[in-house]
Structures are given as C-alpha cells and as structure tokens.
Amino acid sequence: MEYRTEKLGSIPFEINRKELYIYAGYDAKTTPSEEVLSLIDECIAEVKEAAQLRAILKWCPIVRKKDDAGKELKVEFSIGDFAIKSEALGKNLVECKDAILVGATLSPSVDLLLHRYAKLQVAKSLLMQATAAAYIEAYLDEIQRVIKKRLEPERLTLRPRFSPGFADFGTEYQPAFLNAINAEKQLGITLAQDSNMMVPSKSVTAVMGICKL
C-alpha cells in the first residue's frame, strides 16, 4: 500500500434524487408535486453552477493500540497521526489494515447561494439546502466508486464511509481530523467559532476503511 495524499476536483456524477427528496422531508414512497420537482430542477442547476468541488484523500496505515499483554485493542487506534477511541468506528474497521481520510467541500460559493435564498425565498431555501446536501453526498459516493474500482485489481475494497458525529465517533474529533488532512490549506475548510461545525457548511469528512474482498 502506498501512503500518499491526493487531490480531486470535479468528476462526473449524478445526484441521487431519491436521497434529495428524503433530505427535503419526503418519505421514501412519496414523489414531490410537479411544482416542487420544477423547483428542485432549478436548485440542482444552481448548485451545479455555484459548486467548486474539491476533495482530499489521505491514505494511511491503521495502527492499533495494544494492552499490557500485547493484544490489540479494538477501540483505540490511529489512522496515520489521527488518534481515535471509538467502538463504532473500530467495528467498522475490523480486519482493515489501512484507511483513507477524506475531506470534501462544495466551496463557499454554495454557502453564499444558501444564505441568499434563506433571506429572499424561504420555501425554495429548504429545497436548496436539501439539494446541496445530496450533491456533496453524491460527490463522495462517486469518489468511493472510483477508489473501489482502482482497488479491485489488488483484491481490495472499501468499507462504508464513517463520519465524525456518528455514534461514539463524535464531532469532537473534527478539529483533529481537519488538521490531519491539512483541510484549511488544501480545501479552505475551517471550523465555526465555538463549535465543531465546518465552514463551508456543505463539507464532509469521513473515514473509509480498506479491506480484502
């Protein structure tokens, strides 16, 4: 395994409309009205135009902490220099020797778009928020597909991505995660003052474990 950091920009992908509808508050069996679908089409076009997609992938070894008897602990480990104690993430990474730290953002221009609609058109603002959320997730889905295809010749694959804020892998890990991928310099991602919320808001960090097929 070659441990490295790579940058990605825009890549071809399609937004998952069903996921977008769920973000907008619809259940999985409900399709929005024609009027709402027309607004969603507008939102998708505007988000695509505003977004400046960027991502960082840092390929790292997983080093598990050992107890006094030399047995590896399942809940305490490091991914590169990023130290973690999490039972949930530990389970996700069982049998993984390596992982990728991922950071991705739609850019500040999308935040400006969201702020503008929040002030001028509240109904469309909700759909715009849902569209931007679905857009960054679709971008990460495509990144994951690209990496999986790249790993196939080595008989390797990826575990589902796992982000700070899920289960006991809390948002308190966000500062260290961003530092580990040098997110401010590489992606322009920072944290809001007095919180672990990322700026730009439509940004995502995640761990992707690498395991055998």
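Here are some notes:
- Within region 177-209, the set of residues being in contact with a Phe, Trp or Tyr (Cβ under 6 Å, 6 or more places away or on another chain) and more than 23 Å from T131 (Cβ to Cβ) comprises A180, V207.
- Conditions (1) part of a helix (DSSP H, G or I); (2) of a type outside the set (F, W, Y); (3) touching a residue at least 60 places away in the same chain (Cβ under 8 Å); (4) closer than 25 Å to F13 by Cα: number failed by I210: (1)
- Members of region 34-79 that are assigned to a loop (DSSP other than H, G, I, E, B) and modelled with pLDDT of 95 or more: A51, Q52, L53
- The criterion of at least 3 residues that are under 14 Å from the mean Cα position of the chain (by Cα) is met by the following helices (runs of 4 or more DSSP H) wholly inside region 82-167: 122-151.
- Subset tally (residues that are closer than 30 Å to L156 by Cβ, touching a residue at least 40 places away in the same chain (Cβ under 8 Å) and among the basic types (K, R)) for region 1-49: 2
Matching residues to (1) under 18 Å from N16 (Cβ atoms); (2) in contact (Cβ under 8 Å) with a residue 60 or more places away in the chain:
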site	(1), (2)
A133	yes, yes
I136	yes, yes
V146	yes, yes
L151	no, no
P160	yes, yes
F166	no, yes
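- A104 vs. criteria at pLDDT 95 or above, touching a Leu at 6+ places or on another chain (Cβ under 9 Å) and more than 30 Å from L39 (Cβ to Cβ): no
Residue by residue, here is whether (1) among the aliphatic types (A, V, I, L, M); (2) at pLDDT 95 or above; (3) surrounded by 18 or more Cβ atoms within 10 Å (Cβ to Cβ) holds:
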| position | (1), (2), (3) |
| --- | --- |
| M128 | yes, yes, yes |
| R145 | no, yes, no |
| K149 | no, yes, no |
| E152 | no, yes, no |
| T190 | no, yes, no |
| Q193 | no, no, no |
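The values are calculated or read from the model by the stated rules, or taken from the named source; none is laboratory data. The shown structure was predicted, so the numbers you read here are calculated from the model rather than taken from an experiment. Reconstructed Cβ throughout: ideal geometry from the backbone, glycine too, with neighbour counts over all protein chains shown.
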